[in-house]
1. Look through the range 141-175, keep the residues that are without any contact (Cβ under 8 Å) to a residue 40 or more places away in the chain and of a type in the set (A, V, I, L, M), and return whichever of them is farthest from THR121 (Cα to Cα).
2. Quick one: ALA249 ticks every box in (1) loosely packed, with under 10 Cβ neighbours inside 10 Å; (2) of a type in the set (A, V, I, L, M); (3) in a strand (DSSP E or B) bar one, so which box is it?
3. If I ask for residues that are at pLDDT 95 or above and among the β-branched types (Val, Ile, Thr), which ones from the range 30-52 would you list?
4. How many residues, within the range 211-240, are more than 18 Å from the chain's Cα centre (by Cα) and either in a strand (DSSP E or B) or within 30 Å of TYR159 (Cα to Cα) (or both)?
5. From the set of residues in the range 44-76 that are of a type in the set (A, V, I, L, M, F, W, C) and surrounded by fewer than 20 Cβ atoms within 10 Å (Cβ to Cβ), which is nearest to VAL111 (Cα to Cα)?
6. Six or more apart or on different chains, Cβ atoms under 6 Å: show the pairs whose first residue is in the range 61-86 and within 22 Å of ALA131 (Cα to Cα) and modelled with pLDDT of 95 or more and whose second is in a helix (DSSP H, G or I) and of a type in the set (D, E, K, R).
7. Taking the range 199-234 on its own, how many of its residues are more than 15 Å from ARG187 (Cβ to Cβ) and in contact with a strand residue (DSSP E or B) (Cβ under 7 Å, 6 or more places away or on another chain)?
8. Of everything in the range 176-210 that's surrounded by fewer than 16 Cβ atoms within 10 Å (Cβ to Cβ), touching a residue at least 24 places away in the same chain (Cβ under 8 Å) and within 22 Å of VAL142 (Cα to Cα), which residue is farthest from the chain's Cα centre (by Cα)?
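The values are calculated or read from the model by the stated rules, or taken from the named source; none is laboratory data. This is a predicted model, so every value here is computed, not measured. Glycine gets a Cβ as well: all are built from the backbone with ideal geometry, and neighbour counts include every protein chain shown.
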Amino acid sequence: MNTSNPLVSRVLLTNDDGIDAPGLAVLEQVAARIAAEVWVVAPEHDQSGTSHSISLHAPLRYSRQGERRFGVSGTPGDCVVMAVRHLMVDHPPDLVLSGVNRGANLGVETVFSGTVGAAMTAMLFGLPAIALSQTFRDAAAVRWDTARMLAPEVIARLYRAGSLHACLNVNFPDVPPEEAGPLTPTRQGAGVVKSINVVPRVDPRGFTYHWLQFHRESHEDAPDSETAVVRAGGISVTPLQFERTGEAALELLRTRLAAG
């Protein structure tokens, strides 16, 4: 990428793993290659699983953590709103990047993802937005170099594709960068989340508390789904929209209600 001729003038970075997450550090390195000016507005703490939520019942606070770098006390969605409507209000970003998430965001899981939620919030403001995730099999050996090396060209290609009236969900495969397959347009598909379980625990004082935990199962998905493409070593990109009406279900509902 030619840094003397940046892709965009101003880019906003956020995530859901928190401002100190390694994936955000990777994204900052990527952004430095494609943008003249990089802004970071990210949660002060891990906000995984917060989806599109914004804080309506608690005040938001932010801390300056460097030049054009801010930590926010709320969700990824809060971070985008704070950036676009307050911190960067005089000069909004040309592009919003969310991630790089530690782990995949595939299928149904995208509904819960704060990484994707931040990109969806940016779309609400009419801004081009891309969510980026690095898949892994071994949590102790996440292949950050794959996202670091491949993301600049992936982002450039997607940005130059122009407005699609959707945010884009990108997943990098768990393979070395030189072995990754091509960038492939995909559909969301089912993914690997089977259910959400409740895991009881007892604290040192004898009181019960609970963790919520995704239960995942590997199974066949549509050939053009995110899961299938990433599993085969490719880079998936899925356009996501706010409109989630089930068209077949809508027609069925109309028919059944009309029949009384």
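1. ALA141
2. (3)
3. Listed by number, the residues that qualify are VAL30, ILE34, VAL38, VAL40, VAL41.
4. If we filter the range 211-240 for residues that are more than 18 Å from the chain's Cα centre (by Cα), which is where we start, we get 211-213, 215-224, 228, 231-233.
Add one more test, that the residue is either in a strand (DSSP E or B) or within 30 Å of TYR159 (Cα to Cα) (or both), and what stays is 211-213, 215-216, 221-224, 228, 231-233.
Residues that pass the stated criteria total 13.
5. So, considering only residues that are of a type in the set (A, V, I, L, M, F, W, C) and surrounded by fewer than 20 Cβ atoms within 10 Å (Cβ to Cβ), the one nearest to VAL111 (Cα to Cα) is ILE54.
6. Pairs found: VAL72/ASP78.
7. 15
8. GLU179
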